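Chemist: The structure follows.
The values are calculated or read from the model by the stated rules, or taken from the named source; none is laboratory data. A quick note: this is a predicted structure, and the numbers were derived from the prediction, not measured. When we count neighbours, we look across all protein chains shown, and the Cβ atoms used for this are built from the backbone with ideal geometry, even at glycine.
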């Protein structure tokens with residue numbers, strides 16, 4: 001049996017993993033030079049996480065994690081790119097990653113070779129992201145136990161909170177390249193989610209939840225999370241089936257952002273070039289939506305907790321108007337897609353042999369200066385029946401992004417004559433292009449969610465399938 | 001201290017002294033059980049689009065997950081640092097989560113690790129036996145070329161290949177000491193067809209475990225024909241009319257309905273959470289008597305097969321439902337401690353970063369006495385689901401899954417193709433409505449995402465008939 005060091009009577013704290021950009025850059029440069037590699041770049045991350053889950057007043061699981069990962073790209077003598085990823089940041093691991101990337105470069109795509117972003121050394125926006133010291137895990141446990149107790153106490157029918165968690169993370173990201181680009185970001189974040197299950201005698205169980213994000217556990221709006229989870233769950237207790245048919249629907253901010261996110265290939269230059277987007281190269285300038293709709297990608301919005309200051313290629317994150325006055329204005333780009341379109345990278349790239357492109361955080365609402373559609377919409381003073389879509393499920397299965405169609409289960413309410421009643425079970429189906437052209441207007445103020453900023457959105461004529 | 005990478009390169013009996021020490025320290029601190037999971041991985045992903053290789057993505061990694069139980073509670077810590085210091089720090093953190101502190105007290109009740117159960121020895125050649133990158137890229141390009149040959153109006157053609165190799169070592173303070181090597185290979189073909197306003201996208205996945213030669217044996221032409229025939233049909237399909245109707249679900253990936261609708265509810269993780277309606281139904285009828293359902297990890301080459309689970313236990317053939325009666329739940333260490341259901345070799349996890357949980361392996365409804373045609377002939381008006389997309393199950397048992405390729409059944413005959421269908425329902429209500437099972441059981445590879453990450457699984461069934469189900473559509 002091997003001997004272990006003498007026990008330390010002090011409780012062990014997990015030491016946050018750290019990245020040293022200078023040291024890592026120097027090590028990689030040396031290893032690259034000794035392998036005859038002239039051109040390389042690297043994305044790295046490390047994080048330290050702790051999280052807890054509870055079950056009816058007891059700890060269910062407590063977790064800690066220390067993770068590190070790097071992705072190395074190298075350009076070979078023919079200018080082709082290869083890549084390798086590893087969680088091994090030792091010298092041996094870096095050397096193996098470089099060798100792997102060099103081997104993979106023999107299979108690089110000569111028709112589309114990524115290059116360094118021309119903006120990889122451009123100034124970054126300053127982000128207001130306070131760093132928080134992690135709390136001891138037993139403190140997290142006490143906090144979550146209390147949150148569970150408070151939520152269970154909100155209604156006799158709420159019997160359990162089967163999905164819950166309180167988590168905190170300290171993380172670092174960096175991007176380096178052989179031309180001297182050096183990006184480094186340090187971040188702390190925290191999150192809580194509470195998903196309650198309620199059941200009344202002789203009726204089906206119902207469930208709903210809420211989530212909150214912050215820069216540290218002290219920042220989290222736990223009371224708001226409990227309130228929202230309770231309100232949503234209780235509001236679904238009195239349910240009834242809905243008749244299949246076509247309805248005017250009111251999407252919650254979360255549901256509409258989910259829908260737009262699932263069809264974000266509409267705005268994605270990578271998907272356009274690959275032929276799997278509903279948009280074409282020449283779609284810019286076309287009418288995609290009603291003339292009062294704006295969609296902006298803005299990863300720098302202060303509501304975007306944990307925003308990245310730069311993308312996987314080191315390009316600064318920046319706001320980008322995607323749809324303005326219903327007109328498609330811009331696509332999201334990586335370095336390679338931007339080059340293909342003759343524009344500048346937009347800060348939405350990953351890092352890979354084939355670089356992915358993705359949206360950051362949407363701002364959706366009325367185009368400034370437009371009429372914003374119908375004014376003063378209020379579901380409780382509307383004459384006809386309305387379906388309020390509170391949350392969508394199974395987007396991975398029910399969305400055909402390249403075809404435009406969707407068919408999704410949802411939780412929501414039928415509002416008739418000012419009275420709201422939960423819908424037992426139903427799906428909503430449609431085509432995203434038709435949805436964007438059938439927006440009637442907006443209800444209420446825009447709300448900040450983890451995925452973006454959006455008000456309630458009214459859409460006419462969607463197909464609802466119920467069990468009545 | 002040796003370099004991290006050097007340590008990771010060998011999982012074998014030489015780890016015994018270090019693991020013994022860690023486990024003894026954990027038990028000495030007062031833990032009921034300590035488990036250490038070590039992992040080393042080697043992955044290759046290759047993508048061909050149209051007639052070009054557009055991505056080759058190698059990745060390798062390593063790590064450890066340390067879990068400490070005290071009563072029904074547990075603490076879990078994962079780390080990429082396999083040095084002595086890194087593992088000790090992870091153990092101490094996991095102990096600390098349960099209010100335990102390492103002391104100099106000798107461990108009571110820990111007799112040391114047992115003999116190494118070596119499931120890896122016969123598999124040492126697997127990684128080198130896999131196709132080279134050159135072979136893989138040529139095979140994928142053959143796939144996209146065959147798609148071009150057989151398809152019409154194809155706007156995008158993709159073939160993808162993933163090879164996942166994993167070496168694991170599991171040690172626990174109950175004496176468990178076992179190592180294994182796993183190899184999973186999967187192939188995907190995806191197409192998008194477009195003709196004017198008509199668009200249809202479709203894909204197929206093929207996957208096996210423990211067969212290094214698998215990609216070489218792949219019949220790219222047959223797969224391409226299959227995909228192109230389906231997408232050609234669906235390109236001009238109308239949207240399905242929504243409503244309640246009988247449905248016949250084809251074999252192979254049709255088994256996702258049982259996986260989502262019922263299988264997840266028979267995992268002890270759901271019993272622990274109180275989210276399964278079947279928790280107290282063992283011995284009771286929960287499905288139509290036509291239904292017998294099995295979960296096992298034994299079928300040679302199947303995607304969900306294992307030599308041992310991620311807790312070092314050999315898998316079983318577990319009969320979940322027999323003639324409609326609930327027989328057993330799938331259970332892991334935590335499930336056994338918290339629910340009393342005996343372990344079934346079903347403790348699984350995506351990687352060291354996840355604590356194992358009770359998860360499905362190869363899960364299927366057993367074959368019945370009917371022919372597939374008899375099922376279709378028994379329906380006056382309904383839906384035939386030839387190919388399924390993905391699905392999910394919610395916290396109160398509602399399930400949903402997309403129909404990728406569907407046809408109307410009218411007067412006992414398949415008529416026109418329809419698209420946009422989603423099947424929704426609740427397990428408790430649908431299981432008694434599976435009234436007929438055909439005699440053509442087949443399995444299909446898939447991935448399942450849940451509490452312990454994304455894992456390799458097999459779903460399967462013969463053709464089955466559901467007497468009534470809600471079909472979402474337009």
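Chemist: Considering only region B:426-437, state which residues are in a strand (DSSP E or B) and surrounded by fewer than 24 Cβ atoms within 10 Å (Cβ to Cβ).
Modeler: B:426, B:435, B:436
Chemist: Is it true that residue A:168 is at pLDDT 95 or above, surrounded by 20 or more Cβ atoms within 10 Å (Cβ to Cβ) and more than 13 Å from chain B (Cβ to nearest Cβ)?
Modeler: When the stated conditions are applied, residue A:168 passes them.
Chemist: Consider residue B:4 against the criteria (1) farther than 30 Å from residue B:188 by Cβ; (2) at pLDDT 95 or above; (3) within 8 Å of chain A (Cβ to nearest Cβ): it satisfies all of them except one. Which criterion is unmet?
Modeler: (2)
Chemist: Scan B:376, B:365, B:321 and give me the residue that is crowded, with 24+ Cβ neighbours inside 10 Å, assigned by TED's automatic domain parsing to the domain that holds residue B:287 and within 28 Å of residue B:231 (Cα to Cα).
Modeler: Step by step, each of B:376, B:365, B:321 is checked, and only B:365 is crowded, with 24+ Cβ neighbours inside 10 Å, assigned by TED's automatic domain parsing to the domain that holds residue B:287 and within 28 Å of residue B:231 (Cα to Cα).
Chemist: When you look at residue B:146, is it surrounded by 21 or more Cβ atoms within 10 Å (Cβ to Cβ) and within 14 Å of another protein chain (Cβ to nearest Cβ), yes or no?
Modeler: When the stated conditions are applied, residue B:146 does not pass them.
Chemist: Looking at (1) modelled with pLDDT of 95 or more; (2) within 14 Å of another protein chain (Cβ to nearest Cβ), find the lone condition where residue A:179 falls short.
Modeler: Unmet condition: (2).
Chemist: Now a separate question. Given the criterion free of Cβ contacts under 8 Å to residues at least 12 places away in the same chain and either in contact with a helix residue (DSSP H, G or I) (Cβ under 8 Å, 6 or more places away or on another chain) or closer than 28 Å to residue B:235 by Cα (or both), identify the matching residue among B:422, B:415.
Modeler: Of the residues listed, the single one that is free of Cβ contacts under 8 Å to residues at least 12 places away in the same chain and either in contact with a helix residue (DSSP H, G or I) (Cβ under 8 Å, 6 or more places away or on another chain) or closer than 28 Å to residue B:235 by Cα (or both) is B:415.
Chemist: Identify all residues within region A:89-117 that are within 7 Å of another protein chain (Cβ to nearest Cβ), free of Cβ contacts under 8 Å to residues at least 40 places away in the same chain and farther than 27 Å from residue A:68 by Cβ; write none if there are none.
Modeler: Correct list: A:111 only.
Chemist: Looking only at strands (runs of 3 or more DSSP E) that lie completely in region B:13-125, which have at least 2 residues being surrounded by fewer than 24 Cβ atoms within 10 Å (Cβ to Cβ), free of Cβ contacts under 8 Å to residues at least 12 places away in the same chain and in contact with a strand residue (DSSP E or B) (Cβ under 7 Å, 6 or more places away or on another chain)?
Modeler: Fully inside region B:13-125 and qualifying: B:52-70.
Chemist: Suppose we filter region A:14-58 for residues that are more than 14 Å from every other protein chain (Cβ to nearest Cβ) and either out of contact with any strand residue (DSSP E or B) (no Cβ under 7 Å at 6 or more places or on another chain) or without any contact (Cβ under 8 Å) to a residue 12 or more places away in the chain (or both); how many remain?
Modeler: 11
Chemist: Yes or no: residue A:273 within 14 Å of chain B (Cβ to nearest Cβ), surrounded by fewer than 20 Cβ atoms within 10 Å (Cβ to Cβ) and assigned to a helix (DSSP H, G or I)?
Modeler: When the stated conditions are applied, residue A:273 passes them.
Chemist: I'd like the residue in region B:459-474 that is within 12 Å of chain A (Cβ to nearest Cβ) and in a loop (DSSP other than H, G, I, E, B) and, out of all such residues, is surrounded by the fewest Cβ atoms within 10 Å (Cβ to Cβ).
Modeler: Here the answer is B:474.
Chemist: Go through region A:59-88 and give me each residue that's touching a residue at least 40 places away in the same chain (Cβ under 8 Å) and facing chain B (nearest Cβ under 8 Å).
Modeler: Scanning region A:59-88 gives A:59, A:62, A:64, A:66, A:67, A:68, A:82, A:83.
Chemist: Looking at region B:421-458 only, could you name the residues that are modelled with pLDDT of 95 or more and within 14 Å of chain A (Cβ to nearest Cβ)?
Modeler: Correct list: B:433, B:452, B:453, B:454.
Chemist: Restricting to region A:424-437, give me the number of residues that are crowded, with 18+ Cβ neighbours inside 10 Å and more than 14 Å from chain B (Cβ to nearest Cβ).
Modeler: 1
Chemist: Considering every residue within region B:390-409, establish whether at least one is surrounded by fewer than 23 Cβ atoms within 10 Å (Cβ to Cβ), without any contact (Cβ under 8 Å) to a residue 12 or more places away in the chain, outside the structural domain of residue B:42 (by TED's automatic domain parsing) and in contact with a helix residue (DSSP H, G or I) (Cβ under 9 Å, 6 or more places away or on another chain).
Modeler: no
Chemist: Given (1) farther than 30 Å from residue B:52 by Cα; (2) within 24 Å of the chain's Cα centre (by Cα); (3) at the interface with chain A (Cβ under 10 Å from one of its Cβ atoms), where does residue B:103 come up short, assuming only one miss?
Modeler: Condition (2) is where residue B:103 drops out.
Chemist: If you take the residues of region A:438-468 that are within 22 Å of the chain's Cα centre (by Cα) and surrounded by fewer than 17 Cβ atoms within 10 Å (Cβ to Cβ), which of them is farthest from the other protein chains (Cβ to nearest Cβ)?
Modeler: That would be A:445.
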